[in-house]
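Here's the structure, in structure tokens; my notes come after.
The values are calculated or read from the model by the stated rules, or taken from the named source; none is laboratory data. These figures come from a predicted structure and were not determined experimentally. Note that each Cβ is placed from the backbone with ideal geometry, even for glycine, and that neighbours are counted across all protein chains shown.
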Amino acid sequence: MVTADRSRDRVQSIERGMAVLRVFDGPERRLGASEIAARTGLPRPVVRRILLTFEHLGYVRSERGQWSLTARILELGSGYFAASSLPELAHPILLDIVAELHESTSVGVLEGTDIVHVARVDDGRPLGHTLRIGARLPAHATSLGRVLLAEKTDAEIAELYRGVPLERFTPRTAARLEELLAQVAEARESGYDVSIEEYNPGMLAAAVPISVEGTAIGALGVSSTTVREDERSLREVVVPRLRAGAAELARAYRDANPRPFRNR
């Protein structure tokens with residue numbers, strides 16, 4: 001969170017440019033300038049200048065008035081997805097979990113009040129919705145989110161959600177801070193979280209933190225449907241496998257990135 005005394009240091013044009021790029025996070029691959037302006041809340045002339053700048057840099061292209069990203073956009077994430085990064089190290093571990101449990105598996109990190117999926121392997125069966133790398137979901141309504149919120153104190157969580165409404169997606173979603181804090185406290189004590197139809201009806205999930213020397217660098221989770229799993233199977237079968245996978249991933253990350261942990 002950027003504090004008020006540092007807001008003067010922000011570059012508004014960069015913030016606007018990033019807002020334009022983030023519009024391309026949905027299923028639509030091509031968007032018109034007017035639609036981008038509507039989604040970002042920016043004036044259309046501003047959006048047009050931003051798009052022309054990104055076109056000059058090679059990150060977007062225009063065809064018949066429709067704008068789309070180019071493959072060069074992948075350069076922006078190449079450092080994060082380096083050989084020693086969490087997503088790269090997680091992939092073979094996710095493959096093993098999917099082969100064993102036959103359920104889709106993800107690694108997520110906390111960004112503000114959202115969980116961002118940075119690695120994912122699907123088992124190939126339909127889940128009713130598709131998650132891809134980079135997908136953002138509300139932390140308060142997801143198991144991946146709550147196990148990472150559990151790394152924070154209640155005061156830090158209250159500050160994080162100050163002025164941020166807790167949207168109720170289903171009747172099971174925590175819509176009050178007190179409810180969320182109770183769920184997070186349970187996840188903090190047990191070391192895992194289970195979500196039953198809190199974000200999507202018919203969907204459930206379980207997650208554990210990926211902890212390296214006492215610091216959670218992400219969370220590892222499995223998502224499924226109420227047809228294939230229930231709360232008992234999540235707790236008794238899925239969570240133990242996730243814990244083993246998280247421990248393996250934590251060791252791999254620690255070995256690949258010794259410098260950040262040298263003085264801990």
Per the filter on the stretch 48-57, residues under 27 Å from the mean Cα position of the chain (by Cα) and either among the hydroxyl-bearing types (Ser, Thr, Tyr) or farther than 16 Å from Glu35 by Cα (or both) are Phe54
Within the stretch 219-256, residues part of a strand (DSSP E or B) and at pLDDT 95 or above come out as Ala219, Leu220, Gly221, Val222
Of Glu103, Glu151, Glu159, Glu111, the only residue that is at pLDDT 90 or above, over 11 Å from the mean Cα position of the chain (by Cα) and surrounded by fewer than 16 Cβ atoms within 10 Å (Cβ to Cβ) is Glu159
Next item on the list: Tell me, please, whether a residue that is among the hydroxyl-bearing types (Ser, Thr, Tyr), touching a Ser or Thr at 6+ places or on another chain (Cβ under 8 Å) and touching a residue at least 60 places away in the same chain (Cβ under 8 Å) can be found in the stretch 197-206.
Entry: yes
Scanning the stretch 102-151 for residues that are among the aliphatic types (A, V, I, L, M) and more than 17 Å from Leu249 (Cα to Cα) gives Leu110, Ile115, Val116, Leu127, Leu131, Ile133, Ala135, Leu137, Ala139, Ala141, Leu149, Ala150
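If we keep just the residues of the stretch 12-45 that are outside any helix (DSSP H, G or I) and among the hydrophobic types (A, V, I, L, M, F, W, C), which is modelled with the lowest pLDDT? Show your work before the answer.
From the stretch 12-45, those outside any helix (DSSP H, G or I) are 26-32, 41-43; that's our starting set.
Those left that are additionally among the hydrophobic types (A, V, I, L, M, F, W, C): 31, 42.
Numbers: Leu31: 90, Leu42: 93.
So, considering only residues that are outside any helix (DSSP H, G or I) and among the hydrophobic types (A, V, I, L, M, F, W, C), the one modelled with the lowest pLDDT is Leu31.
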Scanning the stretch 164-188 residue by residue, those part of a loop (DSSP other than H, G, I, E, B), without any contact (Cβ under 8 Å) to a residue 24 or more places away in the chain and not basic (Lys, Arg) turn out to be Pro165, Pro171, Ala175
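Conditions (1) under 22 Å from the mean Cα position of the chain (by Cα); (2) surrounded by 15 or more Cβ atoms within 10 Å (Cβ to Cβ), marked per residue:
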residue	(1), (2)
Val212	yes, yes
Thr215	yes, no
Gly218	yes, yes
Arg228	no, no
Arg232	no, no
Val237	no, yes
Glu248	yes, yes
Ala252	yes, yes
Asn257	yes, yes
